[in-house]
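Here is the structure we will look at.
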């Protein structure tokens, strides 16, 4: 019950008027960005990352929690109303959700999504509160070999599972890892890959890469398509967003199943929550087929409830894995990790000892953020769609300006702006040719950890490679990885044979 | 599709080209690296060398992929018209060019003017045609950002030529 009292202290820290304000601001901003077509929660976090450095750490992370969950709510609002998921994790919600909106049941669909996201996120937060400290204790026994195994796990899982092409995924990963090696080598103090440019001695800033890949590259991509893609028009929907008792009974089990699928995925680094959302959707469809009157394809409430719950459950436990292990499992979590590092904090087992007030305030603010989001989304989801009235040229002009602002304000160096542009163009090319972005982000964030733990492990064993598989924890990690890979390959082969989504 | 030349659907070769270029950059870095005497194995070259090997291997695999399976581009004819390229290069050029000008001139012109130019170029690239209105809006937005972040939050933004007045 120690967790409970710590959590109560966390609530005391999170519920000060100032911090409460930051949660609300974060929720509003996150939802606002998530609602914009094509913009997802990871862009919201990337753009806000430099802004938060004017705040003290606790306030900044509390705001991040709001942005993070707010973006997810916004993503699904748009997935339902416009069939434009802002993030891959909202794709599964479009199938039945948008169909419900087309049938004039948009308010019910929005309510189902908001409640599902709330339940999934809430369960995840509870799990994190009770399990994260033990996970952190367990992780404190990790040595170099274990950390290397963990990093390899994250690399292989993110680059091979997300996206269609494994080769493209690994290519993105290699670029990310390569960028991470630029600058001073921390072990031997050798200058690497800088070509003598003094601005590169400290390496390429994570903020620059994040803003370039996730925000600026996206703006270029949108510019390249904005006059060619047919315009999508938001469905209008009147009436209050609420569910009848029958609809509740219908959606209830789906919310529960979705949450159950989503929870464990937060700890497994498979590059975000698209895998569990699709699994939840698929499970509901199979169950539906066995019923006397299959509803899928006609706007089944279950087909929306389950992936929403699964997506937010994964997002929630992913934060637990980030805090306890220092392991980001998605692009958004990778940015959060960058934010921690910017404040000189290293997420991982030690964080619970070194900055307990920050950790527990952050966990408490998850609950607060979810409640705030439910309040601003359930009755007002319709109003958010009004944001679409901002003309696209000004919206993207403003976003580009903020990209420049964040990066320049942090370094006050023109060189970083050139770098931002260069990597932004690379990000655009990657989007154009469907190269996944998450492996690049994971690579640049976890690259230093992977390299130093690999080299330290080999140094301590005099170059004997067997040290990498010398403990049962490494065996366990590589074993789970093998199982995950086999399951994915099988699922991909099956999808190739009969795709009916 | 009338255009059936070699490059049709194979523009994706730019991906392996970029990857190979970056790998070569890493290779040059490793070759010119000055490693201190007596560094134990594995030294600072160890990890980049693994990446270089992987980078070249993946470049070859990607080239093979695009040679074997060109990705036919849907140039779209929703509005009756057809475009020669998938990407709207003019729009991208406005955005990239605008950002380049912004990066080059920020310290000379200062935040307010440089950011306004950036905003104007991106708005134009995305499809706005109201040049004069955009210019005034751009100045309002960049000034508002300057007031909020430089004056309000104390971020370091250059005043540039306007600072002299």
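The values are calculated or read from the model by the stated rules, or taken from the named source; none is laboratory data. These numbers come from a predicted model, not from an experiment. Cβ sites come from the backbone with ideal geometry, for glycine too, and all protein chains shown count toward neighbours.
I need a count of the residues in the range B:80-106 that are within 7 Å of chain A (Cβ to nearest Cβ), at pLDDT below 90 and surrounded by fewer than 17 Cβ atoms within 10 Å (Cβ to Cβ).
Residues in the range B:80-106 being within 7 Å of chain A (Cβ to nearest Cβ), at pLDDT below 90 and surrounded by fewer than 17 Cβ atoms within 10 Å (Cβ to Cβ): 1 in total.
Of the residues A:53, A:11, which is surrounded by fewer than 23 Cβ atoms within 10 Å (Cβ to Cβ) and within 14 Å of another protein chain (Cβ to nearest Cβ)? Before the answer, list the steps.
Details: A:11 fails: within 14 Å of another protein chain (Cβ to nearest Cβ).
Just one listed residue meets the conditions, A:53.
Please state which one of A:209, A:204 is part of a loop (DSSP other than H, G, I, E, B) and closer than 28 Å to residue B:95 by Cα. Can you show your working first?
Numbers: A:209 fails: part of a loop (DSSP other than H, G, I, E, B).
Result: A:204 is the single residue among A:209, A:204 that is part of a loop (DSSP other than H, G, I, E, B) and closer than 28 Å to residue B:95 by Cα.
Only one of A:378, A:363, A:420, A:405 is touching a helix residue (DSSP H, G or I) at 6+ places or on another chain (Cβ under 8 Å), more than 26 Å from residue A:69 (Cα to Cα) and in contact (Cβ under 8 Å) with a residue 40 or more places away in the chain. Can you tell me which?
Values: A:378 fails: more than 26 Å from residue A:69 (Cα to Cα); A:363 fails: more than 26 Å from residue A:69 (Cα to Cα); A:405 fails: more than 26 Å from residue A:69 (Cα to Cα).
Going through A:378, A:363, A:420, A:405 in turn, just one is touching a helix residue (DSSP H, G or I) at 6+ places or on another chain (Cβ under 8 Å), more than 26 Å from residue A:69 (Cα to Cα) and in contact (Cβ under 8 Å) with a residue 40 or more places away in the chain: A:420.
For the range A:423-439, which positions are modelled with pLDDT of 90 or more, closer than 26 Å to residue A:151 by Cβ and in contact with a helix residue (DSSP H, G or I) (Cβ under 6 Å, 6 or more places away or on another chain)? Break it down stepwise before answering.
Quick first cut of the range A:423-439, residues modelled with pLDDT of 90 or more only: A:423-430.
From what is left, the residues that are closer than 26 Å to residue A:151 by Cβ are A:423, A:426-427, A:430.
The answer is A:423, A:427.
Yes or no: residue A:77 in contact with a helix residue (DSSP H, G or I) (Cβ under 7 Å, 6 or more places away or on another chain), closer than 23 Å to residue A:226 by Cα and in contact (Cβ under 8 Å) with a residue 24 or more places away in the chain?
On the way: in contact with a helix residue (DSSP H, G or I) (Cβ under 7 Å, 6 or more places away or on another chain): yes; closer than 23 Å to residue A:226 by Cα: yes; in contact (Cβ under 8 Å) with a residue 24 or more places away in the chain: yes.
Yes: the conditions hold for residue A:77.
For the range B:34-50: of the residues being within 22 Å of residue B:22 (Cα to Cα) and more than 8 Å from every other protein chain (Cβ to nearest Cβ), which is surrounded by the most Cβ atoms within 10 Å (Cβ to Cβ)?
Taking the range B:34-50 and keeping what is within 22 Å of residue B:22 (Cα to Cα), we get B:34-35, B:43-50.
Now restrict to residues that are more than 8 Å from every other protein chain (Cβ to nearest Cβ): B:45, B:49-50.
On the way: B:45: 20, B:49: 14, B:50: 15.
Selected residue: B:45.
With the structure loaded, tell me whether residue A:474 is within 22 Å of the chain's Cα centre (by Cα) and surrounded by 15 or more Cβ atoms within 10 Å (Cβ to Cβ) or whether it fails that test.
Considered against the rule, which asks whether it is within 22 Å of the chain's Cα centre (by Cα) and surrounded by 15 or more Cβ atoms within 10 Å (Cβ to Cβ), residue A:474 comes out as no.
Of all residues in the range B:126-149, count the ones that are within 7 Å of chain A (Cβ to nearest Cβ), outside any loop (DSSP other than H, G, I, E, B) and either at pLDDT below 90 or out of contact with any helix residue (DSSP H, G or I) (no Cβ under 7 Å at 6 or more places or on another chain) (or both).
The number of residues fulfilling the criteria is 3.
State which residue is farthest from residue A:435 (Cα to Cα) when the search covers only the range B:9-24 and only residues that are surrounded by fewer than 22 Cβ atoms within 10 Å (Cβ to Cβ) and at the interface with chain A (Cβ under 7 Å from one of its Cβ atoms). Please lay out each step first, then the result.
Step one: filter the range B:9-24 for residues surrounded by fewer than 22 Cβ atoms within 10 Å (Cβ to Cβ), giving B:9-11, B:13-14, B:17-18, B:20-22, B:24.
Subset that is at the interface with chain A (Cβ under 7 Å from one of its Cβ atoms): B:14, B:18, B:22.
Values: B:14: 12, B:18: 12, B:22: 16 Å.
If we take residues in the range B:9-24 being surrounded by fewer than 22 Cβ atoms within 10 Å (Cβ to Cβ) and at the interface with chain A (Cβ under 7 Å from one of its Cβ atoms), then B:22 is farthest from residue A:435 (Cα to Cα).
Looking at (1) closer than 20 Å to residue A:390 by Cβ; (2) modelled with pLDDT of 80 or more; (3) surrounded by fewer than 24 Cβ atoms within 10 Å (Cβ to Cβ), find the lone condition where residue A:30 falls short.
So residue A:30 meets the others, but not (3).
Considering each of A:175, A:207 in turn, give the residue that is more than 11 Å from every other protein chain (Cβ to nearest Cβ), closer than 30 Å to residue A:408 by Cα and either modelled with pLDDT under 80 or in contact with a helix residue (DSSP H, G or I) (Cβ under 9 Å, 6 or more places away or on another chain) (or both). Don't jump to the end; show me each part of the working.
Values: A:175 fails: more than 11 Å from every other protein chain (Cβ to nearest Cβ).
Every option except A:207 fails the conditions.
Just give me the residues in the range B:51-60 being free of Cβ contacts under 8 Å to residues at least 12 places away in the same chain and at the interface with chain A (Cβ under 9 Å from one of its Cβ atoms), in sequence order.
Hit for the range B:51-60 is B:54, nothing else.
Just checking, does the range A:372-390 include any residue being over 30 Å from residue A:156 (Cα atoms), at pLDDT 80 or above and within 14 Å of chain B (Cβ to nearest Cβ)?
For the range A:372-390, residues over 30 Å from residue A:156 (Cα atoms), at pLDDT 80 or above and within 14 Å of chain B (Cβ to nearest Cβ): absent.
Tell me whether the range A:420-438 contains one or more residues that are out of contact with any strand residue (DSSP E or B) (no Cβ under 7 Å at 6 or more places or on another chain), assigned to a helix (DSSP H, G or I), within 15 Å of residue A:217 (Cβ to Cβ) and more than 12 Å from chain B (Cβ to nearest Cβ).
Residues of the range A:420-438 that are out of contact with any strand residue (DSSP E or B) (no Cβ under 7 Å at 6 or more places or on another chain), as a first pass: A:420-438.
Of the ones still in play, those that are also assigned to a helix (DSSP H, G or I) are A:420-432, A:438.
Right, trim to within 15 Å of residue A:217 (Cβ to Cβ) and you get A:420-432, A:438.
Next cut, more than 12 Å from chain B (Cβ to nearest Cβ) only: A:438.
Yes, the conditions are met somewhere in the range A:420-438.
Within the range A:12-25, does at least one residue satisfy the condition of being in contact (Cβ under 8 Å) with a residue 60 or more places away in the chain and part of a loop (DSSP other than H, G, I, E, B)?
Yes: the range A:12-25 contains one or more residues that are in contact (Cβ under 8 Å) with a residue 60 or more places away in the chain and part of a loop (DSSP other than H, G, I, E, B).
Any residue in the range A:291-303 that is out of contact with any strand residue (DSSP E or B) (no Cβ under 8 Å at 6 or more places or on another chain), assigned to a helix (DSSP H, G or I) and over 30 Å from residue A:202 (Cβ atoms)?
Applying the first criterion (out of contact with any strand residue (DSSP E or B) (no Cβ under 8 Å at 6 or more places or on another chain)) to the range A:291-303 yields A:291-303.
Then keep just the ones that are assigned to a helix (DSSP H, G or I); that gives A:302-303.
Next, only the ones that are over 30 Å from residue A:202 (Cβ atoms) stay: A:302-303.
Within the range A:291-303, one or more residues are out of contact with any strand residue (DSSP E or B) (no Cβ under 8 Å at 6 or more places or on another chain), assigned to a helix (DSSP H, G or I) and over 30 Å from residue A:202 (Cβ atoms).
Among the residues of the range A:228-250, is there at least one that is modelled with pLDDT of 85 or more and not in a loop (DSSP other than H, G, I, E, B)?
no
Give the number of residues within the range A:96-131 that are within 15 Å of residue A:309 (Cα to Cα) and in contact (Cβ under 8 Å) with a residue 40 or more places away in the chain. Please lay out each step first, then the result.
Just the residues of the range A:96-131 that are within 15 Å of residue A:309 (Cα to Cα), to begin with: A:96-97, A:109-127.
Filter once more, so that each one left must be in contact (Cβ under 8 Å) with a residue 40 or more places away in the chain: A:96-97, A:109-125, A:127.
The qualifying residues number 20.
Being surrounded by fewer than 18 Cβ atoms within 10 Å (Cβ to Cβ) and over 15 Å from residue A:250 (Cα atoms) is the filter here, so list the residues in the range A:291-328 that pass it.
Answer for the range A:291-328, where residues must be surrounded by fewer than 18 Cβ atoms within 10 Å (Cβ to Cβ) and over 15 Å from residue A:250 (Cα atoms): just A:297.
Look at residue B:116 and say whether it is facing chain A (nearest Cβ under 8 Å), buried (at least 24 other Cβ atoms within 10 Å of the Cβ) and touching a helix residue (DSSP H, G or I) at 6+ places or on another chain (Cβ under 7 Å).
Working: facing chain A (nearest Cβ under 8 Å): no; buried (at least 24 other Cβ atoms within 10 Å of the Cβ): yes; touching a helix residue (DSSP H, G or I) at 6+ places or on another chain (Cβ under 7 Å): yes.
For residue B:116, the condition - facing chain A (nearest Cβ under 8 Å), buried (at least 24 other Cβ atoms within 10 Å of the Cβ) and touching a helix residue (DSSP H, G or I) at 6+ places or on another chain (Cβ under 7 Å) - is not met.
Looking at residue A:353 and the list (1) buried (at least 24 other Cβ atoms within 10 Å of the Cβ); (2) without any contact (Cβ under 8 Å) to a residue 24 or more places away in the chain, which single condition is not satisfied?
(1)
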